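J.: Mind having a look at this structure? Questions to follow.
The values are calculated or read from the model by the stated rules, or taken from the named source; none is laboratory data. Keep in mind the model is a prediction, meaning the values are calculated, not measured. Methodologically, a virtual Cβ is constructed for each residue, glycine included, from the backbone with ideal geometry; neighbour enumeration extends over all protein chains shown. When the accessible area is computed, the model is the full protein with side chains, heavy atoms only, and any ligands, DNA or RNA have been set aside. Shrake-Rupley method; radii C 1.70, N 1.55, O 1.52, S 1.80 Å.
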Amino acid sequence: MKTTDFSSSSSPSDRRIGALLRHLNSGNELGIADRLSSVYASPTSGVAGGSVFAHLVQAPEDPILGVTVAYNKDPSPIKLNLGVGAYRTEEGKPLVLNVVRKAEQQLINDKSRIKEYLPIAGLVEFNKLSAKLILGADSPAIRENRITTVECLSGTGSLRVGGEFLAKHYHQKTIYITQPTWGNHPKIFTLAGLTVKTYRYYDPSTRGLNFQGLMEDLGAAPPGAIVLLHACAHNPTGVDPTIQQWEQIRQLMRSKGLMPFFDSAYQGFASGSLDTDAKPIRMFVADGGECLVAQSYAKNMGLYGERVGALSIVCKSADVAGKVESQLKLVIRPMYSSPPIHGASIVAVILRDRNLFNEWTLELKAMADRIISMRKQLFEALRSRGTPGDWSHIIKQIGMFTFTGLNPAQVSFMTKEYHIYMTSDGRISMAGLSSKTVPHLADAIHAVVTKAL
Ligand code: KET
């Protein structure tokens, strides 16, 4: 058998492979490493002749994450990424929260920690604390033990597991999503096996909520239909119902038996308060009815890449909640078996410790406040330039995004001429902006709206 001597190679990657092979060979009579090295060295591991995948067409990049791909390719020193909803500091850098660093240190110092598989439903303590965080410590559903919470892969994974559970076990297969909504929603729910329909939400003429349209469309939905609700900081519009409007939505939905499915990706990011941002969900739980909640810790704890989130299903009784959980496990097991341990452990450390929790709320508030200050600065910068149009929606809209009203041609002009990257629907991530970059963005918006495009 021909093998290659990686240890004497001059390339660093070959040397690393060599070290790995020596490690695998130590005390290993079976020769796994020898077999591995022969596979590695084989020049014939590619497919001879034409590829069985040759018929594939190149797929387009994702409308949101693809913006970052394009941004990364741009060599311009003035480039600005306002595409993905990810927090940046005033220096334009990604932020790891101080409490997260402390929690990770605690985890590393704890030598009793192991890396065994988690149960299918995830880390039990994380699940309990997540339910408490979103529903409130005094929630009747928690007190009566009629809620099930499973750890999932961030907000997206929670929506997907919830969608598949509903497609399998709920009598109505239609889900209504807002028009417009986060671009991944229709794909997630269609692939989960649900039929996706939209309800009116945003009024471009007022750049506010089309409350009448929303009530008419939900009023006309078939009884029992599922309704996806953005818990706060609606993406992409930044427009939320008022508490009075939420109450009317709740009454209408309960009277028609519509099933609420909350997407809570921004708890704490809208108002700066975790409790205030959870209010709409808590109103629906307080009435004793059932609902689903998908929670993400990507934004509010800055744990984007850790993929940590939770799906909670509030039921009428503890008995039903137990059965629901048993079925959720059947959805999860063949999908990814069990969720990752690290991110959920970080969250559990922070949520269980009063001091860390308080410190987190301060850091979260600081992020929310910086975004609000960016709104004011951008608004003022446009006003001082005399940019035509009413830009007050920049300060009225809530959460990470401003839905500017710029059209795809205008966005493309700003990218080409100003190296400013954003989604083609005119959404900008205010969290990607800083005092230093506001003038550049304001110049670009001014230029594009004074040009006829
Ligand atoms: N729901 C909404 C409304 C949402 O905006 C996102 C992410 C998610 C769920 C999922 O986040 P996760 O990282 O799976 O917890 N939105 C931003 C990032 C993305 O598109 O993936 C965004 O809109 O930029």
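J.: Go through Leu95, Leu65 for me and flag whichever is modelled with pLDDT under 95, closer than 30 Å to Pro439 by Cα and among the aliphatic types (A, V, I, L, M).
T.: None of the others qualify; the one that does is Leu65.
J.: Regarding the range 428-442, can at least one residue be identified that is farther than 17 Å from Tyr71 by Cβ and β-branched (Val, Ile, Thr)?
T.: yes
J.: From (1) in the same structural domain as Gly136 (by the TED database); (2) more than 23 Å from the chain's Cα centre (by Cα), pick out the condition that doesn't hold for Val347.
T.: That leaves (2) as the condition not met.
J.: Could you identify the single residue in Leu218, Leu209, Leu214 that is open to solvent by 20 Å² or more (accessible area, probe 1.4 Å) and either over 21 Å from Ile147 (Cβ atoms) or within 13 Å of the ligand (Cβ to nearest atom) (or both)?
T.: The match here is Leu209.
J.: Counting only residues that are assigned to a loop (DSSP other than H, G, I, E, B), away from the ligand (no atom under 16 Å from the Cβ) and not acidic (Asp, Glu), which one in the range 61-87 is least open to solvent (accessible area, probe 1.4 Å)?
T.: Once the filter is applied, the top-ranked residue is Ser76.
J.: Given the conditions (1) loosely packed, with under 15 Cβ neighbours inside 10 Å; (2) within 16 Å of the ligand (Cβ to nearest atom); (3) among the aliphatic types (A, V, I, L, M), which single one is not true for Ala298?
T.: Every condition holds for Ala298 apart from (1).
J.: Oh, and also: If Ser154 satisfies every condition in (1) in the same structural domain as Gly322 (by the TED database); (2) loosely packed, with under 13 Cβ neighbours inside 10 Å; (3) small (Gly, Ala, Ser) but one, which is the exception?
T.: Here Ser154 meets the rest and fails (2).
J.: Could you please find all residues in the range 355-374 being within 30 Å of Ser205 (Cβ to Cβ) and surrounded by 20 or more Cβ atoms within 10 Å (Cβ to Cβ)? Please lay out each step first, then the result.
T.: Pass one, the range 355-374, residues within 30 Å of Ser205 (Cβ to Cβ): 368, 371-374.
Scanning the range 355-374 gives Ala368, Ile371, Met374.
J.: Considering each residue of the range 158-190, count those that are over 21 Å from Thr423 (Cβ atoms) and either away from the ligand (no atom under 12 Å from the Cβ) or not charged (D, E, K, R) (or both), and give that number.
T.: Matching residues across the range 158-190 total 17.
J.: Could you tell me which residue of the range 301-331 is farthest from Leu135 (Cα to Cα), considering only residues that are within 22 Å of the chain's Cα centre (by Cα), of a type in the set (Gly, Ala, Ser) and surrounded by fewer than 24 Cβ atoms within 10 Å (Cβ to Cβ)?
T.: Gly305
J.: Which residues, counting only those in the range 53-78, are over 19 Å from Gly183 (Cα atoms) and of a type in the set (Val, Ile, Thr)?
T.: Answer for the range 53-78, where residues must be over 19 Å from Gly183 (Cα atoms) and of a type in the set (Val, Ile, Thr): Val57, Ile78.
J.: Now a separate question. Within the range 378-414, how many residues turn out to be among the small types (Gly, Ala, Ser), farther than 27 Å from Asp74 by Cα, over 25 Å from the mean Cα position of the chain (by Cα) and surrounded by 14 or more Cβ atoms within 10 Å (Cβ to Cβ)?
T.: Count: 0.
J.: Now for a separate question. Please go through the range 250-272 and pick out each residue that is within 16 Å of the ligand (Cβ to nearest atom), modelled with pLDDT of 95 or more and either open to solvent by less than 10 Å² (accessible area, probe 1.4 Å) or not in a strand (DSSP E or B) (or both).
T.: If the condition is that a residue be within 16 Å of the ligand (Cβ to nearest atom), modelled with pLDDT of 95 or more and either open to solvent by less than 10 Å² (accessible area, probe 1.4 Å) or not in a strand (DSSP E or B) (or both), then Pro260, Phe261, Phe262, Ser264, Ala265, Tyr266, Gln267, Gly268 are the ones that fit.
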